[in-house]
1. Could you list all residues from region 148-185 that are away from the ligand (no atom under 16 Å from the Cβ) and closer than 18 Å to Leu32 by Cβ?
2. Within region 255-278, does at least one residue satisfy the condition of being under 20 Å from the mean Cα position of the chain (by Cα) and on the phi < 0 side of the Ramachandran plot?
3. Criterion first (surrounded by 20 or more Cβ atoms within 10 Å (Cβ to Cβ), touching a residue at least 24 places away in the same chain (Cβ under 8 Å) and more than 20 Å from Thr14 (Cα to Cα)) does Leu96 satisfy it?
4. Going through Lys273, Lys220, Lys285 one at a time, which residue ends up being of a type in the set (D, E, K, R), closer than 28 Å to Lys63 by Cβ and open to solvent by less than 30 Å² (accessible area, probe 1.4 Å)?
5. Condition test on Val280, is it touching a residue at least 40 places away in the same chain (Cβ under 8 Å), open to solvent by less than 20 Å² (accessible area, probe 1.4 Å) and aliphatic (A, V, I, L, M)?
6. Quick check, is Ser198 open to solvent by less than 60 Å² (accessible area, probe 1.4 Å), assigned to a loop (DSSP other than H, G, I, E, B) and not assigned by TED's automatic domain parsing to the domain that holds Thr14?
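The values are calculated or read from the model by the stated rules, or taken from the named source; none is laboratory data. Since this is a predicted model, take the numbers as computed values, not measurements. Cβ placement follows ideal geometry from the backbone for every residue including glycine, while neighbour counts extend to all protein chains displayed. Accessible surface is based on the protein model in full, side chains and every heavy atom, while ligands, DNA and RNA are left aside. Shrake-Rupley method; radii C 1.70, N 1.55, O 1.52, S 1.80 Å.
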Amino acid sequence: METKKTIFSGIQPTAVFTLGNFLGAIKNWGALQDSFDCVYSIVDMHAITVRQDAAKLREQTLKSYALTMACGIDPEKSALFIQSHNPHHAEMNWILSCNTQFGELSRMTQFKDKSEKHPDDINAGLFTYPVLMAGDILLYQADLVPIGIDQKQHLELARNVAERFNFRYGDFFTVPEPYIGETGAKIMSLQDPTKKMSKSDDNPNASVYILDDRNSIINKFKRAVTDSETEVRFDAEKKPGISNLMTIFSACTGKSFDEIEKTFSGHGYGDFKSAVGETVADCLKPIQDKYNSFIKDRDYLKNCYTEGLKKAMKISGKTLSKAYRKVGFVDKP
Ligand code: AQP
């Protein structure tokens, strides 16, 4: 019998997910569930690399869990769990930290970006974030990791750490490959299309959040920054705003850029922006309805994340104890 390949991916519960998180990552997660063994996590340990309000983080973690289910992750098919519930992640983090170089972590652009954004809190966790992420992936011996392009550098580091460990201790970790969807791999801010759309953007018009109401979604697209021309045409360099809107429209409708250009030829930006807003609102409506029913049923949610944890720990426990043996720790009594 052919064994299925394993997928791992995670998302931080720092705020309601954006359209970028959905189109770049979670939409793919759902589509992969039938063909792969999928392990998905709400990575709350990563979230605390930036200062969080404890009560809000707790609530946002549960909301993120419900939202992930609403986006199509079926906890019966996938192992969907909350990262901090599984102690193996912190333990693996230490083993891998001792196999990661200071120099390679210093080159991570996310560390540089986030240090600039939070100059008063450049903590060690922010620096070693990619090691924790490498552990998340390697604990499940994942073959593939669905991510947006922004996470490619971190995945490359996870691959290097896995290869170094394998070289030192003998073949052990599966070296993971990135899985980047064709459309939506990088959704840009609606207010500055040279910057990625982010959950934690201070400008409320820059990001569309999955739970935004219909009017807000349509208005955010109406206000989206474009250029001084009038032609709906894909040119990521010269027309980043319009190209971003075309990417979003294409990811939501399945239409190619050629088809979009033909449909909106001679229409001007106003009509196109309205069409993108309406389409995104239609696309998010069923997710919002499902979310509203999941979030009310806290017992059901608890049951799902408890079962998800059991499935995840069964796999991660085996990997961790083998890694402990490899590095020379005495078997636990
Ligand atoms: N703009 C984006 N376009 C496409 N994919 C994206 N992802 C994030 N932003 C975009 C993908 O979403 C997954 C989960 O991301 P994360 O929660 O680990 O955090 P992040 O990459 O740091 O995303 P944010 O929204 O910018 O969060 P904050 O503001 O909290 O730092 C990843 O696979 C990512 O590639």
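1. Filtering region 148-185 for residues away from the ligand (no atom under 16 Å from the Cβ) gives 160-175.
Of everything in region 148-185, just one residue is away from the ligand (no atom under 16 Å from the Cβ) and closer than 18 Å to Leu32 by Cβ, namely Thr174.
2. So the first thing to find is which residues in region 255-278 are under 20 Å from the mean Cα position of the chain (by Cα), and the list is none.
No, region 255-278 contains no residue that is under 20 Å from the mean Cα position of the chain (by Cα) and on the phi < 0 side of the Ramachandran plot.
3. Yes: the conditions hold for Leu96.
4. Answer to the selection: Lys220.
5. Judged against the criteria, Val280 is a match.
6. Judged against the criteria, Ser198 is a match.
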